[in-house]
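See structure below.
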Amino acid sequence: MILEAIRNVRDVGFEILTAGRRTVTVRNITLSLDTVSRRMRYVMARGYEDQDAALASRFLSRHDKVLEAGSALGFMALNCMIDIGIEDYCMVEANPRLEASMRENFRLNRISLPVLKTVAVGPSDGSISFGISQNFWSSSALRRDNEAERLTVPMLSIPTIISDLPFKPNVLIMDIEGAETSIPPNHFELFEKLIIEFHPKLTGHAEARELERNITRRGFTELDRTGGTIAFIKAQ
């Protein structure tokens, strides 16, 4: 409680100090601050997910074709398209409240929006209850204390999403706030490269370790990691 109170004071102070600031630049990518919360305003100004983006830049090439689950504001997609030169890209985001911000960020960077699917990624096709957090990166299908509302959103499996794409992705980038452990392990076999953020505090540490083991059992080798994000490549 004390730590959260300190963070709240920090966030308010930062908002006051940056009151006239409408965008932030992370890895040469411009992101709008107009609709984000105080907490996210601070996080984005401090670099947002630049380490994950740097991992992708080291690991991927311009020839790769990407399916990204959990695209949020489109930062990772913009990094892959601008910094790496990837052309075939599909963004999947369950939170419908983020689409306008995502489109604005692509407009700010003068990049055409790639394929976008506003659905949750899950083990099967159907629908799922999804929690919307004021701090967008905490929104999740898992129930969390800080959610502001819950919506029923459409859910598609990875094979179904792939079947509807105009290209065949060989890379999966996934950051879905704990729902990664619900994905059937054989769905990961559809790719040659994986960049997955694990959330053991949400899923449980045993579940996160089991997912990692299931991935390596299917012929993947860990190449690199930063924080909770791990890059895997399938043995040829």
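The values are calculated or read from the model by the stated rules, or taken from the named source; none is laboratory data. Keep in mind it's a predicted model, so treat the numbers as computed, not measured. Glycine also receives a Cβ, built like all others from the backbone with ideal geometry; neighbour counts cover every protein chain displayed.
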> Looking at the stretch 162-199, which of its residues are aliphatic (A, V, I, L, M) and within 16 Å of the chain's Cα centre (by Cα)?
Replying inline: VAL171, LEU172, ILE173, MET174, ILE176, ALA179, ILE183, LEU194, ILE195, ILE196
> Could you say which residue among ILE162, ILE132 is buried (at least 19 other Cβ atoms within 10 Å of the Cβ) and more than 16 Å from THR203 (Cα to Cα)?
Replying inline: ILE132
>> Filter the stretch 185-217 down to the residues that are under 18 Å from ILE233 (Cα atoms) and part of a loop (DSSP other than H, G, I, E, B) and list them by number.
In response: PHE191, GLU192, PHE198
> What pairs can you find where one residue is in the stretch 211-236 and at positive phi, the other is in a strand (DSSP E or B), and their Cβ atoms are less than 7 Å apart, with a gap of 6+ or different chains?
Replying inline: GLY219/LYS234
>> Filter the stretch 158-210 down to the residues that are in contact (Cβ under 8 Å) with a residue 60 or more places away in the chain and of a type in the set (D, E, K, R) and list them by number.
In response: LYS168, ASP175, GLU177, LYS193, GLU197
> So which of ILE230, ILE215, ILE158, ILE173 is out of contact with any His (no Cβ under 9 Å at 6 or more places or on another chain), modelled with pLDDT of 95 or more and closer than 19 Å to MET91 by Cβ?
Replying inline: ILE173
> Could you say whether any residue in the stretch 64-83 is more than 21 Å from THR118 (Cα to Cα), touching an Asp or Glu at 6+ places or on another chain (Cβ under 9 Å) and of a type in the set (A, V, I, L, M, F, W, C)?
Replying inline: no
> Would the stretch 34-52 turn up any residue that is among the basic types (Lys, Arg), without any contact (Cβ under 8 Å) to a residue 60 or more places away in the chain, over 20 Å from GLU104 (Cα atoms) and out of contact with any Lys or Arg (no Cβ under 6 Å at 6 or more places or on another chain)?
Replying inline: yes
> Is it true that GLU93 is of a type in the set (D, E, K, R) and surrounded by 17 or more Cβ atoms within 10 Å (Cβ to Cβ)?
Replying inline: yes
>> Looking at ILE128, ILE176, can you tell me which residue is of a type in the set (Val, Ile, Thr) and in a strand (DSSP E or B)?
In response: ILE128
>> I'd like to check something: does the stretch 108-121 contain any residue that is out of contact with any Phe, Trp or Tyr (no Cβ under 6 Å at 6 or more places or on another chain), part of a helix (DSSP H, G or I), hydrophobic (A, V, I, L, M, F, W, C) and on the phi < 0 side of the Ramachandran plot?
In response: yes
